[in-house]
Amino acid sequence: IRNREIAYRLVAMSSSGQLIGFSVDSSQQLKLVWKSEQALAHATACRIVLNKSKQIGVSETDEDVHFTPLSLAENIKNFAESVKGVVDFTKNWGLSLYHTFDDKMGRVLTEGISVLKPPTDQKSKHQVSGISVVLTKGGQLFGLSLSDGSIKWKSSWFLNTKIGANGHIAKLFEARKPGLFSPRMVVLMTLEHEIQVIWFDPLNGELIRKESSKIDLLDSFLLPTTDTHFVHFLGVLDTSNKLHIFHPDGHQKSFVPEFYHFLVRDDQTIVGLYAKGGSEVTMNSHWSFVLPAGESIAAMAVRRPFMKTSSATRVTGSRTLLHKYLNPHLVAIATTKPRVADETESVSLYLMDSISGRILHQSVHPGCRGNVNIVIADNDVVMTLWNSDARQYELVSIELFEDRLADALLDVVFGTMRVPTGIYNHTHYSSFTRRLPEIISKQYFFAKPITSLAVTETGAGISSKQILVGLESNQIYALDRKFINPRQPEGTPTPEQQEEFLVPYNKVIPFNTMNIVTYNNTVPGLKLIVTEAGLFESESHMIAVGIDILFVPLAPSGAFDQLSDDFNRIALVLALLILFAGVLITAALARRKELQKKWK
C-alpha cells in the first residue's frame with residue numbers, strides 16, 4: 001500500500017518458459033517490469049555437435065559430390081586465416097611459458113550453459129569448438145557454445161503453432177554428422193492429426209526447410225539409407241502402418257530398400273515391423289512380443305548407431321581370443337512386476353534381437369523394483385535397480401561373447417586345422433541364423449542412489465569406456481569398467497588373470513569421490529546425460545541436463561595423445577635449436593673438408 005493505493009506485483013510464465021514480471025497499480029493498469037529467459041530449465045533433448053572442419057570446396061547443390069577449385073581471393077583468405085592461427089598459437093604458447101598451471105577449478109556461469117573447467121591434469125589442452133543443441137518443452141531450440149557457454153542462436157519455429165491437447169515435441173534427430181559436409185538436424189513436433197518437420201543447420205541455427213503434413217503419428221525414425229550427400233531420410237509411420245518419408249530438399253525418396261524396425265505399442269507389447277521396399281511403403285508386422293501378465297516396461301536401451309569399437313576380440317591371459325558379440329540390433333528391455341499376493345516384486349531383463357525378435361537372454365531379479373536404468377556399450381549391458389530386500393541400489397553387469405562351445409565341438413570333429421566357421425569370420429551376418437551369445441554376468445551393490453546412466457564415447461573406441469552414473473545428489477560419477485567386469489575372479493587372480501588386470505570380485509563397488517566428474521558442482525533436477533566423441537581419441541564430451549546445463553570435457557584413459565601442461569616446452573625448443581645449429585655447423589665443416597681434399 002502506497003499513498004492509500006493498493007499495488008502489487010505479478011509473475012507469470014509464458015508457454016515458451018519465459019518468466020515475466022508485471023506491476024499492477026490501483027487502477028488495474030498492467031506494466032511490464034522485467035523478463036527472464038528460463039526456457040533452458042525445461043530442456044527435453046540435447047545433442048553435441050562439434051565444428052570439426054571448415055567445408056571448403058565442397059558443393060551440395062549437384063547430384064554428385066565434387067570438389068570445386070577455389071578462387072584467388074578464397075586462397076588468400078584461407079592463407080591469412082592460417083597465418084593468424086599460427087600467430088595466435090605462438091602468442092598463447094609464449095604466454096604459457098610465463099604462467100603457472102595451477103589455476104583453480106572453476107565454473108563459468110553464463111546465460112546459457114555452465115562450462116566446467118577441470119583441473120589441468122585432466123582437462124583438454126585446447127578450446128572446444130562446437131555447439132550444444134537444446135530442445136525445450138515449449139518448442140524452442142537453442143545453440144549453446146561449448147567454449148564459453150553463451151547462446152549463439154535460438155529459434156522459436158513452433159511458438160506460433162496452436163498445439164492440440166496431445167501436442168508435444170516428439171524427437172530430435174541428427175541426420176548427418178559433421179565431417180566432409182556441415183551437419184544436419186531435424187526436429188519433429190506432433191500436433192493433433194498433424195506433424196511439423198523442421199530441418200536446420202545446428203552450427204548456426206539456419207532454417208533449411210519447414211513443412212507440415214496431416215499424419216496421425218505412430219512412430220518416427222531415421223532410415224538407414226542416405227542421399228548422395230550422406231543425409232539420412234526421416235521416416236514417419238502413421239497409424240495405418242504407412243511410411244511417409246521426409247528430406248531437407250523437399251523431395252521424397254522414390255525407392256526405399258527393405259529394412260526392419262521395432263516399436264513399443266504399449267507397456268506390454270513390442271512389435272517388429274518389416275518394409276519390403278518400393279515407392280509406396282507399408283510396414284507389415286513381422287514379429288510380436290507380449291510380456292507376461294503383470295509385467296510392464298520400465299526402461300529400454302539400444303546400441304548407439306555411431307558408437308565405434310576398436311577391436312572385435314579380447315585377448316585373455318592364456319592367449320585365447322574372446323570374440324565380442326557386437327550385434328547392432330541388440331535391445332535391452334527391463335520390466336517391473338509389483339508384489340501380488342504371495343508373489344514377490346521383481347525386475348526382469350530381456351536382451352532381444354530387434355530384427356528377428358529372438359530373446360537372446362532373460363534374467364529375473366526377485367525382491368527388486370523401480371528406478372531402473374540401462375545402458376549398452378559395445379558388448380556390455382549395465383542395468384541399475386533398487387533391491388528392496390537388501391535395501392541397496394544394485395548394479396547388474398553383463399558381457400556378451402560369441403558362442404565358443406560350437407566352435408570347440410567343430411574342433412573336436414574336424415580337427416584344429418579346419419577353416420573357422422564362426423560368425424566373426426564373415427563380412428556380414430544374419431540375425432535369423434546367428435547363434436545365441438555366451439552370457440557372463442555379475443551383480444554388485446552401489447553405495448549411492450542412482451537416477452540415470454550413460455557411457456563415454458570416443459572417435460575410434462580405443463580409449464576405455466566409463467559408465468557415467470547420475471546420482472541423487474545431482475552429481476555424476478565416472479565408474480571404471482574394471483570394477484564391474486563380470487569376468488572378475490571370485491578368489492585370488494591367477495597369473496593369467498593378473499595379465500588382464502582383473503581385480504578380485506567385490507560385491508560392493510568402491511566409491512571414490514575423486515571420480516565425481518562434476519566435482520563440487522551440482523545439476524539440480526538431473527534428468528539427462530549426453531555424451532559425444534571429441535576431436536582427439538582421448539577426449540569425450542559430456543553434458544548434464546537438468547534445471548541447469550553443465551558441459552564437462554572428459555578423458556577416460558587420460559590425455560595420451562596430447563602434451564601435458566607441465567611439458568618442458570623450453571627444453572624442446574632449445575633442443576631443436578641446438579640440433580639445427582649442429583646441422584649448420586656440420587654442413588660447413590663438411591664443405592670445408594671437401595674443399596681442402598680437392599686442393600691436395
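The values are calculated or read from the model by the stated rules, or taken from the named source; none is laboratory data. Because the structure is a prediction, the values reported are computed rather than measured. All Cβ positions, glycine included, derive from the backbone under ideal geometry; neighbour counts span all protein chains shown. The area values use the complete protein model at the heavy-atom level, side chains included, leaving out ligands, DNA and RNA. Shrake-Rupley method; radii C 1.70, N 1.55, O 1.52, S 1.80 Å.
FRET efficiency for the residue 156 to residue 249 pair, using the beta carbon distance and R₀ = 22 Å, is estimated at 0.35.
For residue 135, neighbours were defined as the other residues whose beta-carbon sits under 10 Å from its Cβ, and their charges (Lys and Arg +1, Asp and Glu -1) total +3.
Can you tell me how the range 326-393 classifies by the Cα gyration tensor, rounded, prolate or oblate, using a/c under 1.5 as the rounded cut? Since a/c reaches 1.5 but b/c is at least a/b, the shape of the range 326-393 is classed as oblate. Using heavy atoms of the protein chains and a probe of 1.4 Å, the accessible area assigned to residue 429 is about 80 Å². Taking amide H atoms as placed 1.01 Å from N in the peptide plane, the amide H of residue 38 lies under 5 Å from those of 18, 19, each 5 or more residues away in sequence or on another chain.
Please find the FRET efficiency linking residue 571 to residue 505, where r is the Cβ-Cβ separation and R0 is fixed at 51 Å, and quote it to the nearest 0.05.
Values: r = 46 Å, r/R0 = 0.90.
With R0 = 51 Å, the Cβ-Cβ based efficiency is 0.65.
Here the 3J(HN,Hα) profile of the range 470-485, calculated from phi with Karplus coefficients 6.51, -1.76 and 1.60 at θ = phi - 60°, is x, 9, 5, 7, 6, 10, 10, 10, 8, 9, 6, 5, 5, 7, 10, 6 Hz, Gly and Pro shown as x.
Residues 465, 597, 152 ordered from highest to lowest accessible area at a 1.4 Å probe: 597, 152, 465. From the alpha carbon centroid of the range 286-342 to that of the range 128-145 is 31 Å. The accessible area of residue 44, taken with all protein chains in place and a 1.4 Å probe, comes to roughly 80 Å².
Does the range 227-354 come out rounded, prolate or oblate, given a ≥ b ≥ c as the square roots of the eigenvalues of its C-alpha gyration tensor, rounded meaning a/c under 1.5 and, failing that, prolate meaning a/b above b/c? Provide the component values of the computation, followed by the final result.
Numbers: a/c = 2.78, a/b = 1.22, b/c = 2.29.
Taking the square roots of the gyration eigenvalues as a ≥ b ≥ c, the range 227-354 is oblate.
For residue 583 and residue 490, the difference between the fully extended length at 0.36 nm per residue and the C-alpha to C-alpha distance is 27.4 nm. Residues in the range 472-600 average 59 Å² of solvent-accessible surface per residue, probe 1.4 Å, ligands and nucleic acids excluded. Proximity of backbone amide H atoms, modeled 1.01 Å from N, is registered between residue 392 and 387 at under 5 Å, excluding neighbours fewer than 5 places apart on the same chain. Rolling a 1.4 Å probe over the protein heavy atoms of the range 233-331, with every protein chain left in place, gives an accessible area that is 51 percent carbon and sulfur. The residue list 553, 523, 488 was ranked by how far each Cα lies along the charge dipole of the range 456-581 toward its positive end, using unit charges on Cβ atoms, and 523 comes out on top. Within the full protein context, the accessible area of residue 282 is estimated at about 70 Å² for a probe radius of 1.4 Å. How would you classify the range 447-495 from its alpha-carbon gyration tensor, with a ≥ b ≥ c the square roots of the eigenvalues: rounded for a/c under 1.5, else prolate if a/b is greater than b/c, otherwise oblate? Cα axes put the range 447-495 in the oblate bin.
Loop-located trypsin sites (Lys or Arg not before Pro) in the range 308-387 (DSSP state other than H, G, I, E, B) with a sparse environment of at most 13 neighbouring Cβ atoms within 10 Å: 319, 339. When only Cα pairs below 8 angstrom with a gap of at least 6 residues are kept, the range 441-508 shows a relative contact order of 30 percent. Sequentially through the range 495-500, phi angles give Karplus couplings (6.51, -1.76, 1.60; θ = phi - 60°) of x, 5, 6, 5, 5, 8 Hz, Gly and Pro residues having no value and appearing as x. In the context of the full set of protein chains, the range 174-280 has a per residue accessible area of 42 Å² (1.4 Å probe).
Backbone phi angles across the range 188-196, fed through the Karplus curve with coefficients 6.51, -1.76 and 1.60 (θ = phi - 60°), yield HN-Hα couplings of 10, 10, 9, 10, 7, 6, 7, 10, 10 Hz in residue order; Gly and Pro are listed as x.
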